[in-house]
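Here is the structure we will look at, set down as structure tokens.
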């Protein structure tokens, strides 16, 4: 069954928990947990806000893919919307699959997660 492709702005405004979606975007940050999962902050340019992605070690190809994901990398994710445990966001996406579309070498392109002015 086809899964709807979504934009982050749409998900943040009206995404319903337990809905399966696909989306793509650029990684703002990646944090790895000692408990076998990673958090990715993803932005697709549809709004200023990011969507938190939770990628469990059980996701196919996790070990090989996650270590290549850095700030600026382009990824495609399929997953299920869940209510967030954190206070900063209403929902988050729990990944079922993670595809690395393109990398941004941190040595060549030292991108920072800080916000920049519009100037």
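The values are calculated or read from the model by the stated rules, or taken from the named source; none is laboratory data. Owing to the predicted nature of the structure, the values given are computational and were not obtained by experimental measurement. Virtual Cβ from ideal backbone geometry, glycine too; neighbours counted across all protein chains shown.
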_Looking only at residues that are touching a strand residue (DSSP E or B) at 6+ places or on another chain (Cβ under 7 Å) and either surrounded by 13 or more Cβ atoms within 10 Å (Cβ to Cβ) or not in a strand (DSSP E or B) (or both) in the range 100-119, which one is modelled with the highest pLDDT?_
100
_So for the range 49-67 (the condition being out of contact with any strand residue (DSSP E or B) (no Cβ under 7 Å at 6 or more places or on another chain) and closer than 21 Å to residue 110 by Cα), does at least one residue qualify?_
yes
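Restricting to the range 33-43, count the residues that are surrounded by fewer than 17 Cβ atoms within 10 Å (Cβ to Cβ) and within 13 Å of the chain's Cα centre (by Cα). Before the answer, list the steps.
If we filter the range 33-43 for residues that are surrounded by fewer than 17 Cβ atoms within 10 Å (Cβ to Cβ), which is where we start, we get 33-36, 39, 43.
So of that shortlist, the ones also within 13 Å of the chain's Cα centre (by Cα) come out as 39, 43.
Residues flagged as surrounded by fewer than 17 Cβ atoms within 10 Å (Cβ to Cβ) and within 13 Å of the chain's Cα centre (by Cα) within the range 33-43 amount to 2.
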*Might you let me know whether the range 60-67 holds any residue that is at pLDDT 95 or above and either touching a helix residue (DSSP H, G or I) at 6+ places or on another chain (Cβ under 9 Å) or assigned to a strand (DSSP E or B) (or both)?*
no
*Looking at 79, 72, which is the one that is touching a residue at least 40 places away in the same chain (Cβ under 8 Å) and either touching a helix residue (DSSP H, G or I) at 6+ places or on another chain (Cβ under 7 Å) or within 18 Å of residue 14 (Cβ to Cβ) (or both)?*
79
*Residue tally, condition more than 9 Å from the chain's Cα centre (by Cα) and either at pLDDT below 95 or surrounded by 14 or more Cβ atoms within 10 Å (Cβ to Cβ) (or both), over the range 21-31*: 2
*If the Cβ limit is 9 Å and pairs must be 6+ apart or interchain, which residue in the range 32-52 that is in contact (Cβ under 8 Å) with a residue 12 or more places away in the chain and at positive phi pairs with which residue that is surrounded by 14 or more Cβ atoms within 10 Å (Cβ to Cβ) and assigned to a loop (DSSP other than H, G, I, E, B)?*
45/7
